[in-house]
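Nothing in this text is a laboratory measurement; each read-out follows from the coordinates by a stated rule. None of the values given here were measured: they were computed from a predicted structure. Neighbour counts run over all protein chains shown; Cβ positions are idealised from the backbone, glycine included.
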Amino acid sequence: MGKSILTQLGRITMSDEVLASIAGIAATESYGLVGMASRTLTDGIAELLGYDNVARGVEIDSSGDELKIRLYIIVEYGTRITEVAHNVMDKVQYVVEKSTGLKVAEVNVTVQGVRVGAQGKERRS
């Protein structure tokens, strides 16, 4: 569907995939996040997505006047899940609003897994 902005020079239309990519990239820059998860769980196992698939862990609802964003994430073991989720919410809202000029009404986070992050793997080597 997407969102449109009317300017003095014409109309700018952003697809939901573009908005999802912006939100996904912003989320992956947050502390305590190992990565994005697939929106669907198969046999209860969260699939960790690479950076080229960050938009797959994001759902955008652009049907109203404001955006509603749902993120599916995997957090790093040993971090406070609530703090990571709040940081992700704040960062995604800020980056999407700053990048697009659109108002974000909601950012909802679903934590689908906990994994040892890259830092934890380095300590074991």
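The table for this structure:
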item: Burial order of peptide ranges 5-15, 97-107 (average beta-carbon count within 10 Å, highest first); result: 97-107, 5-15
item: Per-residue Cβ neighbour rank within 10 angstrom, fewest leading, Tyr31, Tyr72; result: Tyr31, Tyr72
